[in-house]
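Chemist: Provided herewith is a single structure, encoded as structure tokens, for subsequent inquiry.
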Amino acid sequence: MSRKISCNPKAIKDAVNANLLPILTVSGVTGGVVLGLILRYSREEPWTKREIMYVGYIGELFLRALKALIIPLIVSSLVSAIGSLDLTLSKKIGLRAICYYLTTTVLAVVLGIILVVTIHPGKGSDEGIKKAGEARSVYTPDLLMDLPRNFFPPNLIQACFETHKTVIVEPNMEDLVNDTQVVSQNLTDEDLPPKSDWDIKSEYARAMNIMGLVSFATVLGLALSTLDARGKPLLEFFQSLSDASMVITSWLIWISPIGILFLVASMMIEMEDFSVMLGQLGMYFGTVVLGIFIHGFIVLPVLYTVFTRKLPFRFLANMGQAYITAFATASSSGTLPVTFQCLEEKNHIDRRVTRFVIPIGATINMDGTALYEAVAAIFIAQVRGIALSIGQVVAISITATAAAIGAAGIPQAGLVTMVMVLDVVGLPAEDMTLIIAVDWLLDRFRTMINVLGDSIGAGLVYELSKKELEQLNVNANGDVDRPSNEIGLDAVESSKM
């Protein structure tokens, strides 16, 4: 018997409407690549920086609007999520999330080390690898101590736009000659005192202190959860702020294909030379990307399946908008609004879990960054012909894990923490310039996997916490004097109508 396949126009229309946003977003990426290549090769002379800025201007406006939602979303989401849960459940969810983050970060580092040692992309010499830029003078202990410093910002307003950093001041050669009363002026870098003896000063970089905001919001949420009725007015304020932020996010997401189109087009024009992707840097690039995709689309989905007993394919497909936004913006923090929407509206993850887990994950869970830093350090050592011992490889894995936790969720933050990893194997910070030529593109791939890891973590924690959440709902419905713990999607959905 032959079955007739009927094409129902209404069914097709409904399917297109249901997937309209992903279709438009993919079209935006594709159109950006095509537009960028056309503009790039439409003339012989290279594009100036100003002309590239003009091309990416609309994309820049979209990115600025998206980043404007980071602070209200992070603070309101964490406060409302933690404040609406009892302390026992908050501890369980937090412990599950932290265990997941540490496990996946270590797995990413181990995978990166296995791949770079096996493929050996740095064999040969460093001839032809482009060096550019300068590395900031840093000292690894200072970087490690700056992490807790940023967890405790002295000024919350300042934390919204500045991050603390410790800078060591390189001694002036002339002063060194006068101090040591040396007649000869032919001093070299070897004559400088060790970095531990250099002067120290504190500075504030123009970057949002996400860690400080997360720590404050977490403590405030815990405080509100202990106040019961007295904390209800402030808790409802943050819940309303969170709802309003998500409504604005839903508006922005529908114009995201246009912004992404121009962002991708400007990236294609800005790429200096496609030939850079060949040779050693090409091997390095391929090693990192291979590791990122194995970790993101094999390791993490397997973990999800093992612990939830569910296949991850639909879950991953529903997060497509977040992946594309992460790739275009190169910022896991900037992608937060889109990540929330995909998790809550498409994957139906309890909002109390997403608003608790995702902001923390965007701050400390950087699987892609951890893998990249382990690969980059060993690649540079291979280029320099340095044979690493087992102890040094283990030290790299530990340091890469710590560096990834401390990396900010902003574009190319991994280059700063990379200094810590290079210092472990005795390589100068200036050697980072060996990989800068392709770092801008790798940054987008690793950001995409960072967001994927956060998303799977939220789904996994939700599945493991279902019983506690259901019990919490029963208790809340049975006690009229207690603030409601159920914060569903009703407010967001009703605001769209």
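The values are calculated or read from the model by the stated rules, or taken from the named source; none is laboratory data. It should be emphasised that the depicted structure is a prediction, and the values quoted were computed from it without experimental measurement. Virtual Cβ from ideal backbone geometry, glycine too; neighbours counted across all protein chains shown. Accessible surface is based on the protein model in full, side chains and every heavy atom, while ligands, DNA and RNA are left aside. Shrake-Rupley method; radii C 1.70, N 1.55, O 1.52, S 1.80 Å.
Chemist: Report Trp47's accessible area, 1.4 Å probe, all protein chains in place, as a number in Å² to the nearest 10.
Modeler: Ignoring ligands and nucleic acids, Trp47 comes out at about 60 Å².
Chemist: When Lys and Arg each count +1 and Asp and Glu each count -1, what net charge do the other residues less than 14 Å away from Arg50, Cβ to Cβ, add up to?
Modeler: Once positives and negatives cancel, what remains is -3.
Chemist: Spelling out what I want: for every residue of the stretch 110-116, take phi, set θ = phi - 60°, compute 6.51 cos²θ - 1.76 cosθ + 1.60 (Karplus), and round to whole Hz; glycine and proline get x.
Modeler: Result, rounded to whole Hz: 4, 4, x, 5, 4, 5, 5.
Chemist: Report the accessible area of Tyr54, computed with a 1.4 Å probe over the heavy atoms of all protein chains in place, in Å² rounded to the nearest 10.
Modeler: That residue has around 130 Å² of solvent-accessible surface.
Chemist: Please work out the Cα center distance from the stretch 297-327 to the stretch 27-43, rounded to the nearest Å.
Modeler: Going from one Cα centre to the other spans 29 Å.
Chemist: Quick check on my link table: of Lys232/Lys467; Lys92/Lys232; Lys49/Lys346; Lys13/Lys67; Lys91/Lys310, which ones sit more than 30 Å apart, alpha carbon to alpha carbon?
Modeler: Going by Cα-Cα distance, Lys49/Lys346; Lys13/Lys67 fall outside the 30 Å limit.
Chemist: Further, regarding this structure: If you take the C-alpha gyration tensor of the stretch 256-375, multiply each eigenvalue by 5 and take the square root, what semi-axes do you get, largest first, in whole Å?
Modeler: Whole-Å semi-axes of the equivalent ellipsoid: 28, 20, 13.
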